[in-house]
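Below is one structure; the comments refer to it alone.
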Amino acid sequence: MKFILNFAKTIRNNWKKSVVITGICVYGVKFAYEAYEEDLLRREYCAKAKEYGDQSAVFGEKNRRITVFLNPAARGGRGTKLFEKNAAPLLYLAGIEVNIVKTEYEGQVKEFFQFLETQHVDGIVVAGGNGTLIETVTGMLRKGDKTFLQKVPVGVIPVGESNKFASYFYGSDKTEVRRMLDAAMAVVEGRTERQDVLKIEGDEGKTIFALCGLQAGAYRDARERTPKYWYFGPLKHRFTYLQSALRGWPPTMTGELEYTEARDSDIAVKRQRQPDPVPNPESKGLLLSVLSLFSRLVRSRVTRPGLQEKEEEEDVEYLNTRTVNTDLNTVEFTVSSMFDKDKQSLGGVTLGLGPSDLSKADFIKQGWSRLGLPTWQVDIPGNDHVLCRIVKVRPVVPEGKQLWYTIDGEQFEAMPVQISLLKNKLKVFSRPQSNTR
């Protein structure tokens, strides 16, 4: 009893130190429990991956070959550690041949695709953030090899600070570790699906391909300034909208806007394609002709289990369309791919326009309400939305200022662009069958 009284007296006399020590202990217990739960989760996923590795191989069939583009600088230099701790064990246990390419500079991934061919790889995995994924998708589509796009799927291991597509695809409500494990298990299971791609063409001839969308305007600018107010701690996200309301008002984006609406009355017509050249029988011997024919038959019939996927839809052009030209004057401008599968039959992009006249109080209120939205959401349902085939925007940049786009979470200098949708263009590894949302 005396010990208890002395202990209580010590705490009362040193209450400040006691509060700090108690807080540290509570945090330590919570951290240890979360680490234990994550370790159990890794063991569970490793056991599932090992089941694939233990399956009997078909005689003469090679192991699947995966090329991983790993950004070591992701997550403040922790990208390699996160990949090796969460994703790599699942790939190795499943018997996959993994070739890791660590990126050293911007644009390296796009250069790598100049030398990567279909026979070298059975899948691409991006272990990084938004920038690495954009580089990979852009590199694949700039390659211009239709066979490569049809045969080689893409997976995403979200080891970066943020990855908008991974948050959407694997669930923004999941923990970081579970998202990485789900992404790795998707590669292990090998099932694939088609994903739409946004084609963003600049006036200077530069083309970028994205999966989520483009954002510009006051809300984007406020969100990008948030890290500057780190000294406000957890209130920095709210302060950035207060501070933005004190800057030049109204914070509208102006320019010229042209878009072609996607309507039910549009008439789809297949684009004319050049027929494949017919080989001249005199140009090569009979034996080579037979071998060539046999090779094409084998390639058309032999597919890997779990990787069979319907071919990309034929490119089409539309007749009887309606084009609108108007002045752009809005607090928010967005263009996004159609994540709503129920509305994808028209095959267009979604143009979002916010109001042109907004009070400071409404701007702050709206900004604060967005703090709880999923990280992959491009804009809000309250904006005006139009389904379009093509969107062309020519922004006006005030003298002495800069205007920026955010494309799939990455910042790009604003310029005149044309945006269209490439339907079912990219092949991606599907969500794990046992862990779909």
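Some notes on this structure:
- Spin-label model, Thr254/Lys143: points 7 Å from Cα along the beta carbon direction are separated by 4.5 nm.
- Zone of Asp54's modelled label, taken as backbone nitrogen in the stretch 61-102 under 17 Å from a point 7 Å along Cα→Cβ: 90-96
- Ile100 contributes an accessible area of around 60 Å² to the protein surface, as traced by a 1.4 Å probe with all chains present.
- Pairs from Lys174/Lys365; Lys110/Lys164; Lys81/Lys423; Lys81/Lys228; Lys48/Lys143; Lys110/Lys236 whose Cα-Cα separation, in the structure shown, is over 31 Å: Lys81/Lys423; Lys48/Lys143; Lys110/Lys236
- Listed values for the stretch 178-195 are Karplus-derived 3J(HN,Hα) couplings in whole Hz (6.51 cos²θ - 1.76 cosθ + 1.60, θ = phi - 60°), namely 5, 5, 5, 5, 4, 5, 5, 5, 4, 5, 4, 5, x, 6, 10, 8, 8, 10, and x replaces Gly and Pro.
- Length available on full extension from Lys30 to Lys85: 0.36 nm per residue minus the Cα-Cα distance, which gives 17.7 nm.
- Using the Karplus relation 6.51 cos²θ - 1.76 cosθ + 1.60 with θ = phi - 60°, the per-residue 3J(HN,Hα) values for the stretch 39-46 come to 5, 4, 5, 4, 4, 5, 5, 4 Hz, with x marking Gly and Pro.
- Once both labels are positioned 7 Å from their Cα atoms along Cα-to-Cβ, the gap between Ser369 and Asp264 label points is 3.0 nm.
- Projected label points at Ser172 and Arg394, each 7 Å from Cα along the beta carbon direction, are separated by 3.5 nanometres.
- Under 5 Å from the amide H of Val156 lie the amide H atoms of Val126, each residue being 5 or more positions distant or on a separate chain, with H modelled from the backbone and absent for Pro and chain starts.
- Extension reserve of the Asn325-Ile21 stretch, reckoned as 0.36 nm per residue once the Cα distance is removed: 103.0 nm
- Calculated FRET efficiency, Glu204 to Cys46, Cβ-Cβ distance, R0 = 51 Å: about 0.60 to the nearest 0.05.
The values are calculated or read from the model by the stated rules, or taken from the named source; none is laboratory data. Please read these numbers as outputs of a predicted model, since none were measured by experiment. With ideal geometry, Cβ positions are generated from the backbone for all residues, glycine too; neighbour counts draw on all protein chains shown. Only protein heavy atoms, including side chains, enter the accessible area calculation; ligands, DNA and RNA are left aside. Shrake-Rupley method; radii C 1.70, N 1.55, O 1.52, S 1.80 Å.
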